[in-house]
Amino acid sequence: MSKIIVVTGAGSGIGRAAAIAFAARGDRVVLAGRRLEALEETRAFFADPALGLAIATDVTDEGAVAALFEAAVAAFGRVDVLFNNAGAFGAGGTIDMIDPAAWRAMVEVNLTGSFLCAAAAFRQMRAQDPQGGRIINNGSISAHHPRPYSAAYTATKHAITGLTKTISLDGRAFGITGGQIDIGNAATEMTALMSVGMPQADGSIRAEPVMDVTRAAEAVVFMASQPADADISFMAIAATGMPFVGRG
């Protein structure tokens, strides 16, 4: 049975790959992101573009997020799954070198944006009939172990884990599940440097293995496709051999 999926950050990378994977199985997909042109490019990859709806959305803007979910419900009647994927990577350096403005910007996108989208999805899932749905947050391997010089990014991703657990707990009474996928080294524009060279805990710079981004997309779809009596709270998927276990 097809579902109504909202994917944030759907204009590129993991979000694009996940949106394409959902559409390939017949789901109707609401594509959210800052650039409408990029969202329409994603929708053009669908075998049936009518399965997609592109809505330009700044996830840090409460009004824009509310409008996104209103548009999703107006078009498709409900929301079954939110893949809370939009995020940013940057603000590098040891903690004393990070510009507080860059810190705040990272928190605003990665954490506040995820909160706003999850809250809007939760509100809709709680009100709809039949009640319930799934909220899947994009965490990161950095939700477990940091990279060097990544205090801002790592802090937001650790915070996503707390957000996920709270959604799961608060959603029980309403048939809403909270899950988190922690992805390591999926090949996207954002991760292009990983196959060239990344700082390591021992101070060296080394290339790291990467995996096809469709592997991550397939994992998201698997989490979303569980029957009502099953819930995948946390899943980690990473390129074979990447520094994860024993990263430090």
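Pick from 208, 218: which is at pLDDT 95 or above and among the acidic types (Asp, Glu)?
Values: 208 fails: at pLDDT 95 or above.
One residue alone meets the criteria, 218.
Of all residues in the stretch 64-86, none are at pLDDT below 95 and not aliphatic (A, V, I, L, M). With (1) assigned to a loop (DSSP other than H, G, I, E, B); (2) at pLDDT 95 or above; (3) hydrophobic (A, V, I, L, M, F, W, C) as the list, and residue 115 as the residue in question, which single condition is left unmet? Result: residue 115 passes all but (1).
Right, residue 45: surrounded by fewer than 16 Cβ atoms within 10 Å (Cβ to Cβ) and hydrophobic (A, V, I, L, M, F, W, C) or not? Working first, answer last.
Details: surrounded by fewer than 16 Cβ atoms within 10 Å (Cβ to Cβ): yes; hydrophobic (A, V, I, L, M, F, W, C): yes.
So residue 45 fits the description; yes.
The values are calculated or read from the model by the stated rules, or taken from the named source; none is laboratory data. Source: prediction; values computed, not measured. No Cβ is skipped: glycine too gets one built from the backbone with ideal geometry, and neighbour counts run over all protein chains shown.
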